[in-house]
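Remarks on the structure that follows.
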Amino acid sequence: MVRGGCFLWKQRMKWLPGAMLCVTLTCAAALPLSARRQESKLPADLPNPLRFANGKPVKSARQWPRRRAQLLRLFTRQMYGRMPPRPPHEQFEVYSRDPHALGGLATRTQAFILLNGHRNGSRIDLLLYTPNGVKRPPVILGMNFWGNETINADPGIRISKRWIGAHSNPWVNLSCVRNHRATAACRGINASQWPVKMILRNGYALATFYRRDLDRDRKHEYAKSIRSDYPGLHKGGDDFATIGAWAWGMSRALDFLQNDPAVNGRRVVAFGWSRLGKAAIWAGATDQRFAAVISNESGAGGAKLFHYPHGQTIASLNTEFPYWFCRNFHRYNGDDAHLPFDQNEVLALIAPRPLYVASAIDDHVSSPVGEFLAARAVTPVYRLLGKTGLPTTVWPPVNHPVIGRVSYHVRSGGHGVTDFDWEQYMRFCNRYVK
């Protein structure tokens, strides 16, 4: 159990009956196998993706598409909300291409995805690095938190003109922001989470865009969101919400990548960290064109089980971020343990495509054990579909990745993205995406 940042392991010791041993999560790598097995028990009442809505079991891979359709409707109506189709007038405008970027390592392409067919309408500003000398490489696609210019100090990256919050946070120093707009001093301030050269040298292209191209990610900012372009979807309890808007935007970026002959648009991996990890999971769930999904500490509403009663709750999500999920989801505030669906069923919508779920041991809000349990609980779906799923039933020690069709690791440290994380993602992609 996780209480107040402490991992509590109850063990009746022969030499000290009834003793309680408290081991901090940062020391979890030293936990004996018996303790990790105890943490690896699935909640008894966890919803089963391999049962139809009428309670009958899914017995074969041939039956899975029907069950998958049920789950997709369920999560659309009750949690993530509806999304519009691909815009009929969507266009792409490449406004910059440099084949000698990053000292000749890559070709840097920058393009507007014109969602309404014209520059004055809603648009995504996509940054794409393609490794030189690699024919049609697969692509890692992920949104960034603070603007394209923040992922690398490359002076050729267009500085975003979107609104940016200037509040302090533990990941970047936003003192470069003036009047809620980025300046040249913002270049590369988030580069530690985006090892661009590592990704390129492993033979992958990297594509990214700023989350606020689509949604300001703030209360009462509906009018400044892509959601306001679709007022009909704002009606009802299954309204177009922010996580859905981000996931939809990732599909629009995928539209561009599948139209670009320089990359392999059939081998695009949806990547996301934190709230953007929630969006990457929903993008992979709703758009089967994504070849694989990587969730980095996506937590509640992402990879973490709500039935595991630790970490962020439904009520805290819907109170702090009432626009992330549809209005129907607010009905479940306080009912985490009795929720009639859970995130292992969202992950099942990704099966049998490769899936990586990653945690950090000090990230109590995202709940490492809750994320592991979801990865474990989705494995029967992969097996039904002829794949192996997660190759362990026991929560692994810290910094000991388990690489399979469903992969998992819990690393040392807190909420963030590190080189260690990316090294594991490269191993995973080398095995299952290339």
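Throughout, read-outs are computed from the coordinates displayed, never taken from laboratory work. Treat the numbers as computed from the prediction; the structure is a model and nothing was measured. Note that each Cβ is placed from the backbone with ideal geometry, even for glycine, and that neighbours are counted across all protein chains shown.
Rounded, prolate or oblate: which one fits the range 109-151, using the alpha carbon gyration tensor with axes a ≥ b ≥ c (rounded when a/c is under 1.5, else prolate when a/b beats b/c, else oblate)?
On the way: a/c = 2.67, a/b = 1.58, b/c = 1.68.
It is oblate, given that a/c is not under 1.5 and a/b is not larger than b/c.
Students often get this wrong, so try it: which of [x] 21.3, 75; [y] 25.4, 94; [z] 27.7, 125 is Rg and Dmax of the Cα atoms in Å as calculated from the structure shown?
Answer by label: [x].
Once both axes come from the Cα atoms, what is the angle between helix 419-432 and the longest principal axis of the chain, in degrees from 0 to 90, rounded to 10?
Once rounded, the angle reads 90 degrees.
Using the basic label-point model (7 angstrom from Cα toward the beta carbon), what is the N169 to H118 distance in nanometres?
The answer from the label model is 3.4 nm.
With everything on Cα atoms, drop me the angle between helix 64-75 and the longest principal axis of the chain, reported from 0 to 90° to the nearest 10.
Taking Cα atoms only, the helix is inclined about 80 degrees.
How high is the FRET efficiency from R178 to D45, r the C-beta distance, R0 56 Å, rounded to 0.05?
Given R0 = 56 Å and the Cβ-Cβ separation, E is 0.60.
What order do you get for 266-274, 116-124, 251-259, 335-343 when each peptide is scored by the mean count of other beta carbon atoms within 10 Å, highest first? Numbers along the way, then the final one.
Values: 266-274: 24.4, 116-124: 14.9, 251-259: 19.8, 335-343: 17.6.
Ranked by mean Cβ neighbours within 10 Å, highest first: 266-274, 251-259, 335-343, 116-124.
Taking θ = phi - 60°, what integer Hz values does the Karplus form 6.51 cos²θ - 1.76 cosθ + 1.60 yield along the range 296-302, in sequence order, with x for Gly and Pro?
9, 6, 7, x, 5, x, x
Classify the range 323-414 as rounded, prolate or oblate, taking a ≥ b ≥ c as the square roots of the eigenvalues of its Cα gyration tensor: rounded when a/c is under 1.5, otherwise prolate if a/b is larger than b/c and oblate if not.
On the way: a/c = 2.27, a/b = 1.24, b/c = 1.84.
Oblate, since a/c reaches 1.5 and b/c is not below a/b.
Need one word for the range 164-280: rounded, prolate or oblate. Basis is the Cα gyration tensor (sqrt eigenvalues a ≥ b ≥ c); a/c below 1.5 gives rounded, then a/b vs b/c decides.
Working: a/c = 2.15, a/b = 1.11, b/c = 1.94.
Taking the square roots of the gyration eigenvalues as a ≥ b ≥ c, the range 164-280 is oblate.
For the chain, find the longest principal axis of its Cα atoms and tell me its angle to the long axis of helix 368-384, 0 to 90°, nearest 10.
In the chain, helix 368-384 runs at an angle near 90 degrees to the longest axis.
Given Cα pairs under 8 Å that are at least 6 residues apart, what percent is the relative contact order of the range 94-202? Each step should come with its number before you reach the end.
Details: 163 pairs, mean separation 22.7, N = 109.
It rounds to 21 percent for the range 94-202.
In deg cm²/dmol, rounded to 500, what helix-only [θ] at 222 nm does the chain give when every DSSP H run of at least 4 residues adds -39500 (n - 2.57) and the total is split over its residues? Intermediate results must be reported in sequence, preceding the final value.
On the way: 10 runs with 102 residues, N = 434.
Calculated at 222 nm, the ellipticity per residue is -7000 deg cm²/dmol.
A185 versus R266, label points 7 Å from Cα toward the beta carbon: distance in nm?
Between A185 and R266, the label points sit 4.9 nm apart.
Under 8 Å for C-alpha pairs, at least 6 residues apart: give me the relative contact order for the range 91-432, rounded to a whole percent. Present the calculation step by step, with values, prior to reporting the outcome.
Numbers: 758 pairs, mean separation 45.7, N = 342.
Result for the range 91-432 is 13 percent.
Between the alpha-carbon centers of the range 154-168 and the range 284-298, tell me the distance in whole angstrom.
Each part's Cα centre sits 26 Å from the other's.
Amide H to amide H under 5 Å from G272: which residues, 5+ apart in sequence or cross-chain, H placed 1.01 Å off N in plane?
For G272, the qualifying residues are I294, N296.
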